Structure formats: C-alpha cells, structure tokens
Amino acid sequence: MNEALQRYTKKIANAAVEDMVLNMGPQHPSTHGVLRLELITDGEIVKEVIPHLGYLHRCFEKHAESLTYQQTIPFTDRMDYLASMNNSHAFVMGVERMMGIDKDIPKRIEYIRVLVCELNRIASHLIAIGTYGIDIGAFTPFLWCFRDREHIMGMLEWASGSRMLYNYIWVGGLFYDLPVGFEERCREFVDYFKPKMVELNELLTDNQVFISRTANVGVLPLDVAINYGCSGPMLRGSGLKWDLRRIDGYSVYPELEFDIPVGTGLMGSVGDCWDRYKVRIDEIEQSLKMVEQCLDRLQKELKRTPEFDPRAKMPRKIIPKAQDYYVRCEGAKGELGFYFMCDGKSEIPTRVKSRGPSFSNLSVLPEISKGVMIADLIAIVGSIDFVLGEVDR
Amino acid sequence: MSFEGIKALLAAKFGADVIVGEETGGLQSALLIDADRITDVCLELRNNPDTYFDFLSSLSGVDYGVEVGKFGVVYHLASIPYKTQLTLKISKENSRDLADLPSFPSIYSVYRSADWHEREAYDMLGIFFEGHPDLRRILMPDDWEGFPLRKDYKNAEYYKGIKID
C-alpha cells in the first residue's frame, strides 16, 4: 500500500474516534451525480472534506488513444453531457487547427456552431440554476428551468437527431445543415424565454430566503480561485473578467457583441455562492444576445442555399503533422482544454489529455468548505456546478 | 513576454543548463526544462512581474512509448494579466518496471491546481511526484493494479474476483 494511502486510512480511523466521519454520496441528490464526499464533522461543523472521484470514469483518454479523431467526437459529448456541443466544438477546433484548415471553414458553419453552443450553454446554466434551487429547498424554479430547457433540447434534437449527445459538430464541418425553419423556431424561443427569465429572477434571485442561504456563504477569494485553476463562472464570480471567448477570440466570437458578467458582491461579499449563481443568470442573458446576433446573420447574409454542403471541407483522412497542441475554449463550466500529441504518421493520436473545467473547479471545494455548517456545504457544492461526467471523464 | 524573452530570463536566473532544449516547429512552442528544477522554474515564472504565469491550465503525464523508454510531464501555463500561454516539458528515462516509478518534483507548492492533476498522472501513468502531500489514486479504485494509460498496459481480466468484459 502506498504511503499516502496509509496516511489517509490512519486519518479516517483517528477521526472516527474523536469526531464523526460522514459519507455524503455517491448516491446523494445534492452531489449532482456520483460524487462521494467524506466529511469529518464536529457536530454540525464540517472540519474537513475529502472528495472521492472516479465513480463515473469511462476512460475517455484511453478511448481517444485508440480511435481516430472523428470517432472520438461522440466520446467528447459524454464528458460534460449537459453541454455536449461545447465539448465537441473545443475538440474539433483543436483538430482543425492542427490540420491547418481552421481558416477555410465557411462562415455559415462557424455561425451555426456558435449558435448551437450558446443554446447549449443556456441549457446547461438552466440546469445549474434549477438544481441549485432544489438543493436549497426551492422546488418550483427547478420545474420552470426544466420546462424551458426542454425547448432547447427539442430544437437541438431537431438539428442533430439526439436530445443530449449530439455528435453534430464534425472536423471540417457539421453533421447536417440546420433544418428548414430552425432559425424561425429559435427566434420564437428567444421571444418566449426572455419574460420567463424575469419571472425566474423574481422567484429565486431576489428571494430573501435564497439570499440568506447563499450570500456570504462559500466565499472564494480571487487569488485562491486562480491558484486552484478555477475558471468559468467560478472565476468570474470572484470578480475577474476572464472569458476565453473574449481573450482568445476563437471562432466568430470577435464578431459578436457581449458583456462578461462578473461577481460584484451585491448581496454579500465578492465570490460567495450568490455571486456565482448570479453570474450564470447574467450569462444566460448574454448568450441569448449572442443567439439573436447569430440568427440575424444566418437569416440575412449567410442564408441557406441549396448548394451549401456542410461536409464540403471535411478532410477524408485526418493525419495532422507531428506536433503537440493544447487547445482551450470556454465551455459552459469554464476552461475546457484538450492536449493532443500526434506523431504525423497515424490517424490515431498518441496522447490526448482532456482538462475538464469541473475537475479543477471541484478541487477547490476542500479549501472553501473548512469550518462551514453541513447545510452550507450543500449550498457550496451546488454553486460550483460541476458535472461528474467531466470530472471523472 | 515573448518565448525568446522567457528563455533569456530563465537562463539568466538559473544558468543556461536549466533549458535542455526547445520545440518550435508546431503551432505552440515548448521549452524542455531540466526535470529536477521544474519547481523553481515554475515559481519564478509565476512570481516574476514580467511573466506572471499564475494559472496552471493543464498538467499531463506522458508515456513516450515502449521503445523510447521515457516518461514526461507537460505543463500548460497561462498568464492572466498578460494573456499569454507557455508550455513546459520535462522528461526522464525509465525502465518501465512497476517497482521503479519515474519520479519528478511536485509543483503543488506553486500551483494548487497541480494537486489533482498530479494525482491523475500518478493514477493513470504511474508517475511519482516527490513532495506531493497526498499522492493517492484519484480516478481508479485504491487497490487497482497497474497504470491504465501506459502503452504496455494489459487490460485486467478480473477485479476482486469479478470477471471484466
């Protein structure tokens, strides 16, 4: 047995004498999947949290090392299964850059990619908000969020044929063009959804009970967030304007107008659970803005034409030059990265490492939950908004 | 700061032998660093006001294959104030014997995000990190035998008497 494991076993054995060891999960509704948190508690106070991962480990990296790039795309969908489009977008972008075809992709394809990614981001944030409400004890917002998310799921199913795991974005193009009438239906959805967000804010965001449960709880200082590699709404909740869509300006994001919402400590202090929640609410608004801009372009100058073929630029064989490349992009949860190593001879990469944002975001949990109440721990866990599919990969 | 500037800065601070090579052919350039001094290099790159690489994006363990007989770690650093990226690589030859794991210094003391990433590299590739406070397996069960992402890994047939298929 290795030394660290011995130390850990001893610590748990000692803690069981003086304090209480409490297992939260792996089958616990508020751990959002199969995460096991081992809590060392003194009464109601959490002295230490030890997360145990791996219950949903599906060997993504091993799969990627034994399949071609095109065949790996469905596996990327299964990482963050709440925002599959964003995952495959990142993966595909990396492969395209290595092949040197990223500049040849037609504008219409890029706009469709951004459109579906932003729709998927909205869906992912809706889940985050809805399940966060249910963690805290608000049941209705959960139902409302799922009702509205269902419209997005329906649209994406229409486009790709699948509800959650799309396999829609391919290297060099798309599976299919958008179905006829998609843009109109999408616009209808945006018009329907905007007032629903106002309702949701009235019900949950400004709810005094909700604010009391989340403000000043789980405060994540900015330096800690950066040092732990937090990204996405976690990092922005701590007050830093860091969004890779703006920093790297990949795809067509430089052509779109959007703001980067950050946590301001409006209800408590900067970087508390409420701030992280609010960043997601604001991001939905920004995503809606981007969706509208994409629709404008797709309906005017980038209209569908009968001869438009979304698979025209697809390479027959994907064999990148011998090189290493790390691609990063802003997934729904934060910085999503893929590190490729190719030998230049084979269609199969020698090494693929995926950097899931939830993985790093979750690693900060033991740090910010020292000395909190058990009930507050639930609030903190919910505010991190991780997906175990991506933590364990 | 440019790639050449970083090279000059490290050479001036630690001597020219800290950089054992570089890879500049591809889209991203990488610096090959002397494996034993990676912690100091990272600390300097993080704290120096000209570089401020304060964000560790990713840390990947790499098995370079059975013939090469080499293991390595690749660090992807990002600087939030300067919006730049840098790749560092370290590697060591190794006999691939499970009793003799390749060992590198841990950068846990510089970036806390390395904590779980190093545990993952240990879990998947059997790379040991000296100075890591809690180097347990993270994704596989504690009693798993072998390291699944090694190129010579043979799939286990049984786990605790249960047939895997």
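Every read-out reported here was derived from the displayed coordinates using simple, explicitly stated rules and does not represent laboratory data. Everything numeric in this text was worked out from a predicted model, so none of it was measured. Note: ideal-geometry Cβ built from the backbone for every residue, glycine included; neighbour counts use all protein chains shown.
Among residues that are over 23 Å from A:TYR326 (Cα atoms), without any contact (Cβ under 8 Å) to a residue 40 or more places away in the chain and over 16 Å from the mean Cα position of the chain (by Cα), B:ASN48 is included.
From the list A:ASP148, A:ASP135, exactly one residue is touching a His at 6+ places or on another chain (Cβ under 9 Å), assigned to a helix (DSSP H, G or I) and not β-branched (Val, Ile, Thr). Which is it? Lay out the reasoning, then the answer.
Working: A:ASP148 fails: touching a His at 6+ places or on another chain (Cβ under 9 Å).
On inspection, the qualifying residue turns out to be A:ASP135.
Within region A:154-186, the set of residues being within 23 Å of A:GLU96 (Cβ to Cβ), in contact (Cβ under 8 Å) with a residue 40 or more places away in the chain and assigned to a loop (DSSP other than H, G, I, E, B) comprises A:LEU165, A:TYR166, A:ASN167, A:TYR168, A:VAL171, A:GLY172, A:PHE175, A:TYR176, A:ASP177, A:LEU178.
Residues are listed down the side, and each one gets a yes or a no for (1) surrounded by fewer than 18 Cβ atoms within 10 Å (Cβ to Cβ); (2) under 20 Å from the mean Cα position of the chain (by Cα); (3) free of Cβ contacts under 8 Å to residues at least 12 places away in the same chain:
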residue	(1), (2), (3)
A:PHE60	no, yes, no
A:LEU67	yes, no, no
A:GLN71	yes, no, yes
A:TYR81	yes, yes, no
A:VAL92	no, yes, no
A:VAL95	no, no, no
A:ASP104	yes, no, no
A:CYS117	no, yes, no
A:LEU126	no, yes, no
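Picking from A:ALA375, A:ALA322, which residue would you name as being surrounded by fewer than 22 Cβ atoms within 10 Å (Cβ to Cβ), farther than 21 Å from A:ILE109 by Cα and either of a type in the set (Lys, Arg) or more than 14 Å from chain B (Cβ to nearest Cβ) (or both)? Walk me through how you get there before you give the answer.
Details: A:ALA322 fails: either of a type in the set (Lys, Arg) or more than 14 Å from chain B (Cβ to nearest Cβ) (or both).
Among A:ALA375, A:ALA322, only A:ALA375 is surrounded by fewer than 22 Cβ atoms within 10 Å (Cβ to Cβ), farther than 21 Å from A:ILE109 by Cα and either of a type in the set (Lys, Arg) or more than 14 Å from chain B (Cβ to nearest Cβ) (or both).
If the condition is being within 14 Å of chain B (Cβ to nearest Cβ), surrounded by 15 or more Cβ atoms within 10 Å (Cβ to Cβ) and over 20 Å from A:VAL391 (Cβ atoms), then region A:5-37 contributes A:LEU5, A:LYS11.
Does region B:59-74 hold any residues that are in contact with a strand residue (DSSP E or B) (Cβ under 8 Å, 6 or more places away or on another chain), under 16 Å from B:TYR153 (Cβ atoms) and within 10 Å of another protein chain (Cβ to nearest Cβ), and which are they?
Keep residues of region B:59-74 that are in contact with a strand residue (DSSP E or B) (Cβ under 8 Å, 6 or more places away or on another chain), which gives B:59-64, B:69-74.
Next, only the ones that are under 16 Å from B:TYR153 (Cβ atoms) stay: B:61-64, B:69, B:71.
Passing the criteria: B:GLY61, B:VAL62, B:ASP63, B:TYR64.
Residue pairs whose Cβ atoms lie under 7 Å apart, separated by 6 or more positions or on different chains, with the first residue in region A:1-30 and part of a strand (DSSP E or B) and the second polar (S, T, N, Q) and surrounded by 12 or more Cβ atoms within 10 Å (Cβ to Cβ), are A:MET20/A:THR41; A:LEU22/A:THR41; A:MET24/A:THR31.
Inspection of region B:104-121 finds a residue satisfying the criterion of being in a strand (DSSP E or B) and more than 13 Å from chain A (Cβ to nearest Cβ).
Hey, can you tell me all the residues within region A:38-56 that are within 14 Å of another protein chain (Cβ to nearest Cβ) and not in a loop (DSSP other than H, G, I, E, B)? Before you say what the answer is, go through the steps one by one.
First, the residues of region A:38-56 that are within 14 Å of another protein chain (Cβ to nearest Cβ): A:38, A:48-56.
Matches in region A:38-56: A:GLU38, A:GLU48, A:VAL49, A:ILE50, A:PRO51, A:HIS52.
Here B:ARG46 meets the list (1) closer than 30 Å to A:VAL95 by Cα; (2) away from chain A (no Cβ under 14 Å); (3) assigned to a helix (DSSP H, G or I) almost entirely, failing just condition (2). Restricting B:LEU139, B:LEU56, B:LEU77, B:LEU135 to those that are more than 8 Å from chain A (Cβ to nearest Cβ) and hydrophobic (A, V, I, L, M, F, W, C) reduces the list to B:LEU77. Scanning region B:80-100 for residues that are at the interface with chain A (Cβ under 10 Å from one of its Cβ atoms) and under 24 Å from A:GLU65 (Cα atoms), we see that the one that is farthest from the chain's Cα centre (by Cα) is B:THR87.
Restricting attention to region B:149-160, does a residue exist that is closer than 23 Å to A:LEU53 by Cα, in a strand (DSSP E or B) and more than 10 Å from chain A (Cβ to nearest Cβ)? Scanning region B:149-160 turns up at least one residue that is closer than 23 Å to A:LEU53 by Cα, in a strand (DSSP E or B) and more than 10 Å from chain A (Cβ to nearest Cβ).
Here A:ALA225 passes the criteria (1) more than 14 Å from chain B (Cβ to nearest Cβ); (2) in contact (Cβ under 8 Å) with a residue 40 or more places away in the chain; (3) part of a helix (DSSP H, G or I); (4) among the aliphatic types (A, V, I, L, M) except the one numbered (1). The requirement of being in contact with a strand residue (DSSP E or B) (Cβ under 6 Å, 6 or more places away or on another chain), among the acidic types (Asp, Glu) and loosely packed, with under 13 Cβ neighbours inside 10 Å is not satisfied by B:GLU118.
With among the aliphatic types (A, V, I, L, M), within 14 Å of chain A (Cβ to nearest Cβ), without any contact (Cβ under 8 Å) to a residue 40 or more places away in the chain and surrounded by 15 or more Cβ atoms within 10 Å (Cβ to Cβ) as the only criterion, which of B:LEU10, B:LEU27 stands out?
Details: B:LEU10 fails: within 14 Å of chain A (Cβ to nearest Cβ).
Of the residues listed, the single one that is among the aliphatic types (A, V, I, L, M), within 14 Å of chain A (Cβ to nearest Cβ), without any contact (Cβ under 8 Å) to a residue 40 or more places away in the chain and surrounded by 15 or more Cβ atoms within 10 Å (Cβ to Cβ) is B:LEU27.
Take the conditions among the small types (Gly, Ala, Ser), within 18 Å of A:ASP309 (Cα to Cα) and either touching a Phe, Trp or Tyr at 6+ places or on another chain (Cβ under 7 Å) or assigned to a helix (DSSP H, G or I) (or both) and apply them to A:ALA128. Does it pass? Criteria not met by A:ALA128.
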